[in-house]
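Below is one structure, written out as structure tokens; comments come after it.
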Amino acid sequence: MTDLLKAKLSRRKVLQAAAIGAAGLDPALRAAVWAQGSDKPEKEEVKIGFIPLTDCASVVMASVLGIDKKYGVKIVPSKEASWAGVRDKMVNGDLDFAHVLYGLIYGVHLGTAGPKKDMAVLMTLNNNGQAITLSKKLADKGAVDAASLAKAMAGGVPIGAFAMTAAVADKMPAGGHGTTFGGNPLAIAAANAVLDVMLKPGFFDNVQKMSLLLKQKLASVVDRYPTVLAEVRGEGLLVGVKAVVPSGDLVNALREQKLLTVGAGENVVRFLAPLIVNEAEIEQSVQMLERACIALSGTALKKAAG
């Protein structure tokens, strides 16, 4: 064991040593197995299929930048036209690996999406992580105004959208940007339902009214409990209350009052009311905050009294 520790170990050798020790092999056989061990890749050239979406960048750039060569492997990227094509090529052995969705792997492994074949997920590149990056060529042409939209669009149902000016849209050809969840009927139906509500006359006027009401009522609580709260900040209904006490204590005290909040930077607790919040709900929330402040004030007095 001492000699083993002095040697320069690779991860593969450590795993091999652990496996050999667990199997209880005799020294002669153990030496033979060690002789076969190597950090050299079992396959030096691998063909990896990908669909041209933003989340395939890790695979493509590893090849373009030569990162694969650092590990003694040559990646041969293979641009595929469809998920079905990727599936068929993996099943037939035309691809060694592929950038794919989890569902495809499960479907092939279980035999629910064509021929059944054992599959394995060796690396997770992202977990529903979506991003949009405009290329430098587009930026050089003045196409710099665009925004990624999500979250509120479908009232909690996962959806995203990309809004852009005409200058950007004119320089992005049809099919130039793909999306993992494009055209999902459920998400689109949910977004349409949300827009039906938000586009009603007077909707945003009421949002502004509720925002002002919430800030005024929170400010009144801040004034009454200066040893617990410091100030109200934020825009619209994205409101935060900066605490004097640790924000975690305030979050816990509010939870005791059945109001769920979350801490943010600089000892702030966020009050993120939905756009459809009404006066009664704001009043109820503020009453919960006041009860939490009373509880925290009592705790502070007990600590001060020793």
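Computed over region 216-287, the P(r) curve from all C-alpha pair distances, binned at 5 Å from the origin, holds 3, 17, 28, 31, 16, 4, 0 percent per bin. If r is the Cβ-Cβ distance from Ala81 to Val121 and R0 is 25 Å, what FRET efficiency results, to the nearest 0.05? Approximately 0.65, to the nearest 0.05.
Compare the peptides 69-77, 216-224 by average per-residue count of other Cβ atoms within 10 angstrom and give them in order, highest first.
Ranking the peptides 69-77, 216-224 by packing returns 216-224, 69-77.
Using only the alpha carbon atoms of region 45-110, find the Kirkwood hydrodynamic radius as the inverse mean reciprocal pair distance, in angstroms to one decimal. Don't skip to the answer; put the middle values down first.
Numbers: mean 1/r = 0.0820 Å⁻¹.
By the Kirkwood definition, the hydrodynamic radius is 12.2 Å.
Give me the net charge for the shell around Val268: Cβ to Cβ below 10 angstrom, other residues only, Lys and Arg +1, Asp and Glu -1.
Values: positive: Arg233, Lys242, Arg270; negative: Glu231, Glu266.
That works out to +1.
Under the rule a/c < 1.5 gives rounded, and otherwise a/b versus b/c splits prolate from oblate, where does region 259-302 land using the Cα gyration tensor? Taking the square roots of the gyration eigenvalues as a ≥ b ≥ c, region 259-302 is oblate.
The lysine pair count for region 45-110, using Cα distances under 16 Å and pairs eight or more places apart or on different chains, is 5.
No value in this document is a laboratory result; all are computed from the given coordinates. Just so it is clear, the structure is predicted and the values come from calculations on it, not from any experiment. Please note: Cβ atoms are built from the backbone with ideal geometry, for glycine as well, and neighbour counts cover all protein chains shown.
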